[in-house]
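*Asks:* The following block contains the structure, expressed as structure tokens.
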Amino acid sequence: MEKFTTVDAPAVALDMANVDTDQIIPARFLWRPRAEGYGHLLFHDVRKPGFPLDAPSAQGAAVLVAGRNFGCGSSREHAAWALVDAGFRVVIAPSLGDIFYSNSFKNGLLPIVLPDARCMELRAALARNPGARMIVDLEAQTVTGPVGINDGFAIDHFDVDPFRKELLLAGEDEVGFTLRHADAIRTYEAEYSRVMPWV
Amino acid sequence: HDGSRAGFKFLAERGLPLHSPGHSFGTPDHYVSTAGHDLDAIAEPHRREMVVDLAQNAAKHGFTHFGLGDARQGIVHVIGPEQGITLPGIVMVCGDSHTASHGALGALAFGIGASEVAHVLATQTLWQSRKPGSMRITVDGRLRGGVFAKDVILAIIARIGAAGGTGRVIEYAGQVFRDMSVEGRLTVCNMSIEAGARAGMVAPDETTFAYLKNRPFAPQGEMWDSAVAFWRTLPSDPDAVFDAEVSLDGGEITPFATRGTSPEHAAPVTDAIPDPAVAPTAERREAYARALEYMGLAPGTRMDAIPIDRVFIGSCTNSRIEDLRAAAHVVKGRKARVPSWAVPGSGLVKRQAEAEGIDRVFKDAGFEWREPGCSMCVGMNGDVVEPGAHCASTSNRNFVGRQGQGARTHLMSPAMAAAAAVTGHITDVRRLMEGGT
Ligand code: SF4
């Protein structure tokens with residue numbers, strides 16, 4: 001997994017609520033091997049003329065500012081894969097689907113929750129200033145921008161679980177980390193079998 | 001299930017063994033054909049490969065696998081409870097968001113993504129750094145005739161919204177759930193994720209224990225007694241405090257259906273389609289207008305005037321025997337006016353339905369009686385709804401393109417879907433139950 005430190009890149013706004021993972025990546029593509037890449041399939045069926053991600057100013061965008069309940073629905077990790085493969089490293093939204101939120105961290109995609117009003121302001125500013133950049137600093141837990149324009153600028157602080165932050169900064173996956181606690185797992189399992197021997 | 005390939009690939013790449021084969025179970029469901037119950041019925045090599053991979057991984061790692069040809073095969077969330085694998089008090093995960101279903105038996109069950117599946121396969125553990133909030137949804141009173149578990153959960157989602165439970169685990173409490181069968185509770189807990197919740201559960205009680213007794217993987221003999229004694233300690237304390245409380249009057253709930261592209265776009269079948277202009281925020285106005293455009297519906301249309309092109313009775317939400325009985329009850333003596341499918345949730349459900357003559361009722365009415373699998377809920381096996389067609393579906397998601405590109409899904413109960421099948425439009429099932437046509 002790619003390490004995450006700071007992202008300084010164009011941002012793009014997606015002004016839709018309840019963008020579910022079926023829209024992010026349709027089910028009929030899920031059998032495809034991970035190695036073949038999913039970037040070109042991102043939002044496959046909802047890309048109509050004028051879709052914000054197709055704008056020339058969205059080239060090289062790595063920050064997506066989305067609407068309420070982004071990534072709701074199916075647990076398919078392919079949704080995170082498709083975003084990462086299309087170059088995204090950060091998704092900012094007022095709320096995110098729980099499973100999508102977890103999946104994102106495992107793929108070097110940083111999900112950030114900011115207040116509804118601030119997300120709306122950012123989306124509006126980005127719509128007025130296509131291709132404006134934003135800076136996301138994981139270490140400092142800040143979102144800065146849009147930069148270089150005088151519209152909607154702010155420095156926002158965001159929350160992130162310290163454990164997930166550490167793994168993301170190190171680019172380490174959880175399995176390696178967990179296997180170092182094999183003794184604790186064995187002890188727990190022994191206790192579990194004592195309390196619930198029928199399981 | 002057969003979408004777990006990435007997890008096993010990870011084990012192979014790292015040279016890791018499966019940590020707990022005895023606590024791991026698998027069955028193919030997403031990619032299986034519903035036209036025939038064997039591998040040969042799956043025409044496309046890439047789909048067959050997903051099913052074969054799971055069987056091979058089961059053989060390699062030594063976990064229990066209910067494969068094609070085995071009557072115990074079925075949708076993973078149908079067979080877990082059916083086999084007694086799902087038990088109160090356990091933590092259960094699966095690479096599928098509808099794992100929340102299993103909370104109906106008092107398990108803490110939730111869906112995870114591919115990386116977490118790999119983590120569980122390798123370590124039998126999972127990091128949970130965000131402690132979920134708690135939410136209690138109390139539905140008291142008694143359901144009226146023609147109102148089912150599906151209507152209850154649709155009414156709940158319409159009330160709290162598709163993100164109403166985000167970051168939370170829901171406990172469903174109150175008279176309605178106490179009176180509900182385990183199968184009904186499975187329908188309710190199944191759609192917890194459609195309210196945004198990570199998991200949903202119902203306190204285990206005598207109904208739960210009676211359901212589990214003598215199931216193949218449930219504890220037996222003396223072990224059963226100690227298990228039940230333990231399970232009785234699990235329900236929430238009477239003075240437990242929840243982060244959020246919601247209550248509904250069960251007696252007020254009527255048959256529901258969805259009209260938009262989010263489960264929160266659910267409403268009583270007696271309603272008309274409201275004008276998006278009345279939505280409280282600009283964002284909702286736009287979302288709703290976009291949904292109606294996709295659905296091809298105009299404001300003011302009565303819900304029960306929406307024509308239906310296709311009917312799907314199945315999915316992990318509503319493919320158990322009680323669901324098929326409820327639908328068959330409506331279908332009996334009538335004819336389907338549009339292509340209609342009944343897809344049992346497992347081989348054992350199918351067998352039971354056939355023993356009761358339910359397959360005949362469906363076939364006589366012109367329904368297709370299919371083999372068990374996810375089928376048209378998600379269309380991953382090729383069972384899709386045609387672009388632009390309106391499908392009355394007992395599944396759980398009415399998302400854009402969920403049942404196929406351009407497909408227009410209306411979620412409803414099996415009885416309501418049966419009513420739509422025999423009338424060709426969305427219909428208040430209570431009308432047919434009173435003997436109307
Ligand atoms: S029936 Fe539908 S929702 Fe249930 S597991 Fe299968 S695809 Fe998922």
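Throughout, read-outs are computed from the coordinates displayed, never taken from laboratory work. All values derive from a computational prediction rather than experimental measurement. In this analysis, Cβ positions are derived from the backbone assuming ideal geometry, glycine residues included, and neighbour counts consider all displayed protein chains.
*Asks:* If packing is taken as the average number of other Cβ atoms within 10 Å across a peptide's residues, how do A:177-187, B:91-101 rank, most packed first?
*Replies:* Listed from highest to lowest mean packing, they are B:91-101, A:177-187.
*Asks:* Take every Cα pair under 8 Å in region A:1-144 that's 6+ residues apart, average their separations, divide by the length, and report that relative contact order as a whole percent. List each step's numbers first, then the result.
*Replies:* Values: 294 pairs, mean separation 49.0, N = 144.
Relative contact order of region A:1-144: 34 percent.
*Asks:* Running a GNM on chain A with Cα contacts under 10 Å, which residue among A:Val12, A:Val175, A:Val84 ends up with the highest mean-square fluctuation?
*Replies:* Of A:Val12, A:Val175, A:Val84, the most mobile in the Gaussian network model is A:Val175.
*Asks:* If you count, for every residue in B:397-407, the Cβ atoms of partner chains within 10 Å of its Cβ, what is the mean? Intermediate values should be presented prior to the final figure.
*Replies:* Details: counts 5, 0, 11, 8, 9, 7, 2, 4, 4, 1, 0.
Taking all residues of B:397-407 together, the mean is 5.
*Asks:* Would you work out which of B:Met433, A:Gly37, B:Gly165 lies farthest towards the positive end of the dipole of the protein assembly as shown, given +1 charges on the beta-carbon of Lys and Arg and -1 on that of Asp and Glu, about the Cα centre?
*Replies:* Of B:Met433, A:Gly37, B:Gly165, it is B:Met433.
*Asks:* Let me ask something else. Count charges around B:Trp341 for me, please; just the other residues with Cβ under 10 Å from its Cβ, Lys/Arg as +1, Asp/Glu as -1.
*Replies:* Computed value for this residue: 0.
*Asks:* When only Cα pairs under 8 Å and 6 or more residues apart are kept, what is the percent relative contact order across chain B?
*Replies:* Relative contact order here is 17 percent.
*Asks:* I need to check one value: relative contact order of region B:308-425, counting alpha carbon pairs closer than 8 Å and at least 6 residues apart, in percent. Let's see the in-between values first.
*Replies:* Numbers: 288 pairs, mean separation 43.3, N = 118.
Normalised by residue count, the contact order of region B:308-425 is 37 percent.
*Asks:* How well do other chains shield peptide A:12-18, expressed as the mean number of their Cβ atoms within 10 Å of each residue Cβ?
*Replies:* 5
*Asks:* Calculate log10 I(q)/I(0) of the protein assembly as shown for q = 0.06, 0.09 Å⁻¹, where I(q) comes from the Debye formula with a single equal point scatterer on each Cα and nothing for solvent.
*Replies:* Log-scaled intensity ratios, in q order: -0.30, -0.71.
*Asks:* Compute the FRET efficiency between A:Glu189 and B:Ser134 as 1/(1 + (r/R0)^6), taking r as their Cβ-Cβ distance and R0 = 30 Å, and round to the nearest 0.05.
*Replies:* Working: r = 27 Å, r/R0 = 0.90.
Computed FRET efficiency for A:Glu189 and B:Ser134 comes out at 0.65.
*Asks:* How many partner chain Cβ atoms sit within 10 Å of a residue's Cβ in peptide B:189-198, on average, as a whole number?
*Replies:* 2
*Asks:* Could you run the Debye sum over the Cα atoms of region A:82-199, one equal point scatterer each and no solvent, and tell me log10 of I(q)/I(0) at q = 0.12, 0.14, 0.15 Å⁻¹, two decimals?
*Replies:* Log10 I(q)/I(0), no solvent term: -0.57, -0.70, -0.77.
*Asks:* Under 1.5 on a/c is rounded, so check that first for region B:50-157, then, if it is not, pick prolate when a/b is larger than b/c and oblate when it is not; a ≥ b ≥ c are the square roots of the alpha carbon gyration tensor eigenvalues. Spell out each step's value before the answer.
*Replies:* Values: a/c = 2.58, a/b = 1.48, b/c = 1.75.
Oblate is the answer for region B:50-157, as a/c is 1.5 or above yet b/c matches or exceeds a/b.
*Asks:* May I ask you to order A:58-68, B:374-384, B:186-196, B:219-229 by the average number of other C-beta atoms within 10 Å around their residues, highest value first? Before the final figure, lay out each step's value.
*Replies:* Working: A:58-68: 21.9, B:374-384: 25.5, B:186-196: 29.7, B:219-229: 13.7.
Result, highest mean first: B:186-196, B:374-384, A:58-68, B:219-229.
*Asks:* Run the numbers for B:Ala355 and B:Ala41: contour at 0.36 nm per residue of separation, minus the present Cα-Cα distance, in nm.
*Replies:* 110.6 nm
*Asks:* Excluding residues fewer than 8 places away in the same chain, name every one of the lysines whose C-alpha is closer than 24 Å to that of B:Lys213.
*Replies:* B:Lys350
*Asks:* Per the helix-only calculation at 222 nm, which mean residue ellipticity applies to chain B, given -39500 (n - 2.57) for every DSSP H run of n ≥ 4 and division by its residues, nearest 500 deg cm²/dmol?
*Replies:* Using -39500 (n - 2.57) per qualifying helix, the result is -9500 deg cm²/dmol.
*Asks:* Considering just Cα atoms, how many Å³ per residue does the convex hull of chain B enclose?
*Replies:* 143 Å³
*Asks:* Can you bin region B:330-370 into rounded, prolate or oblate? Criterion: square roots of the alpha carbon gyration tensor eigenvalues sorted a ≥ b ≥ c, rounded for a/c under 1.5, prolate for a/b above b/c, oblate for the rest.
*Replies:* Oblate is the answer for region B:330-370, as a/c is 1.5 or above yet b/c matches or exceeds a/b.
*Asks:* According to the square roots a ≥ b ≥ c of the eigenvalues of the Cα gyration tensor, what is the shape class of region B:202-272, taking rounded for a/c under 1.5, prolate for a/b larger than b/c otherwise, and oblate for the remainder?
*Replies:* Working: a/c = 3.32, a/b = 1.98, b/c = 1.68.
Prolate.
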